[in-house]
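Below is one structure, written out as C-alpha cells, with a few remarks after it.
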Amino acid sequence: MRPYVILETAKGLIIADPNLCVACHRCELACTEFNDGKATPRLARIKITRNVMFGPSGTNPIPPTFGVHGNGLVVQDTCRQCPHPVPCANACPQGAIQVDPKTGARVVVKERCIGCHLCEKACPWDMMSFDDEENKASKCFLCNGDPKCVKACPAAAIRYIPWTDRSHEEARRVPHGYLARENAAECSICHR
C-alpha cells in the first residue's frame with residue numbers, strides 16, 4: 001500500500017477577479033520568466049482564458065455556464081493549494097510534490113519528478129504545468145511567498161491573500177484516479 005500523503009495547509013493563496021482582468025497576459029509572462037527563465041505562457045502556473053464558446057459544442061474547456069456561446073469573461077485560473085487530500089501529491093508515485101517549509105505551498109521537487117503526467121491527470125482544475133523540454137511537471141509554489149504574477153498585473157486583478165479553502169469550487173474536469181483506492185479508507189481518519 002502506498003503511503004497516504006497529508007500536507008499542512010499553505011499560508012497563502014493567489015486569487016483573481018475576472019471583472020478587473022484586461023487579458024494582457026503579463027501575469028503568465030512574469031510567472032514563466034521568474035520560474036523558468038523564459039517567456040512561455042504555456043508553462044505559466046496561472047492560466048488566462050476567455051469564456052467564449054465556438055460552435056454548438058464549443059472548444060473552450062470552461063463550462064458553458066454563461067450562455068450558449070459564453071459571455072466573453074476573462075477567467076484567470078490559479079492553483080487552489082488544496083488541503084488534503086492533495087490530488088497532485090497523492091497521484092505522484094515519486095513523492096515529488098512536497099510542502100515548501102516557508103510558504104506551505106505545494107511544490108514539485110524537480111529532481112524527483114519522472115515526467116509521468118499523473119499529477120496533471122489528478123488535478124481537477126487542470127493547474128499543473130509540464131515542460132516538454134525538461135520532461136518535468138511544475139505548479140504554482142507562490143514564488144516563495146512573493147508571487148510575481150500579482151506584482152506584474154497592471155489592473156490589480158490578482159491578489160495574494162491568506163489561505164482559504166477553494167477546493168470546493170466546481171472543478172473544470174473530472175480528475176483521473178487521484179486517490180489510490182487502497183488509501184481511500186484513510187480519509188476517514190479526518191473526515192467522518
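The values are calculated or read from the model by the stated rules, or taken from the named source; none is laboratory data. Everything quoted here is computed from the prediction, not taken from an experiment. Reconstructed Cβ throughout: ideal geometry from the backbone, glycine too, with neighbour counts over all protein chains shown. Only protein heavy atoms, including side chains, enter the accessible area calculation; ligands, DNA and RNA are left aside. Shrake-Rupley method; radii C 1.70, N 1.55, O 1.52, S 1.80 Å.
Please find, within segment 152-167, the residue that is surrounded by the fewest Cβ atoms within 10 Å (Cβ to Cβ) out of those that are in a loop (DSSP other than H, G, I, E, B) and in contact with a strand residue (DSSP E or B) (Cβ under 8 Å, 6 or more places away or on another chain). If we take residues in segment 152-167 being in a loop (DSSP other than H, G, I, E, B) and in contact with a strand residue (DSSP E or B) (Cβ under 8 Å, 6 or more places away or on another chain), then T164 is surrounded by the fewest Cβ atoms within 10 Å (Cβ to Cβ).
Pairs linking a residue in segment 143-171 that is more than 15 Å from A16 (Cβ to Cβ) to a residue that is among the basic types (K, R) and open to solvent by less than 40 Å² (accessible area, probe 1.4 Å), with Cβ atoms under 6 Å and 6 or more positions apart or on different chains, are S167/R80.
Out of C149, C119, C88, one residue alone is closer than 20 Å to A10 by Cβ, assigned to a helix (DSSP H, G or I), modelled with pLDDT of 95 or more and in contact with a helix residue (DSSP H, G or I) (Cβ under 6 Å, 6 or more places away or on another chain). It is C149.
May I ask you to say which residue of P93, P3 is assigned to a loop (DSSP other than H, G, I, E, B), open to solvent by 40 Å² or more (accessible area, probe 1.4 Å) and at pLDDT below 90?
Numbers: P93 fails: at pLDDT below 90.
The match here is P3.
For segment 9-41, the tally of residues that are assigned to a loop (DSSP other than H, G, I, E, B), of a type in the set (V, I, T) and either without any contact (Cβ under 8 Å) to a residue 40 or more places away in the chain or within 10 Å of C153 (Cβ to Cβ) (or both) stands at 2. In segment 96-116, of all residues being assigned to a loop (DSSP other than H, G, I, E, B) and open to solvent by less than 30 Å² (accessible area, probe 1.4 Å), the one that is nearest to D77 (Cα to Cα) corresponds to A105. Residues that are modelled with pLDDT of 90 or more, open to solvent by 30 Å² or more (accessible area, probe 1.4 Å) and within 25 Å of I97 (Cβ to Cβ) within segment 6-28 comprise K11, I15, A16, listed in sequence order. The residue pairs whose first member lies in segment 119-136 and is aromatic (F, W, Y), whose second member is modelled with pLDDT under 90 and not in a loop (DSSP other than H, G, I, E, B), and whose beta carbons are closer than 7 Å, counting only pairs six or more residues apart or on different chains, are W125/D77.
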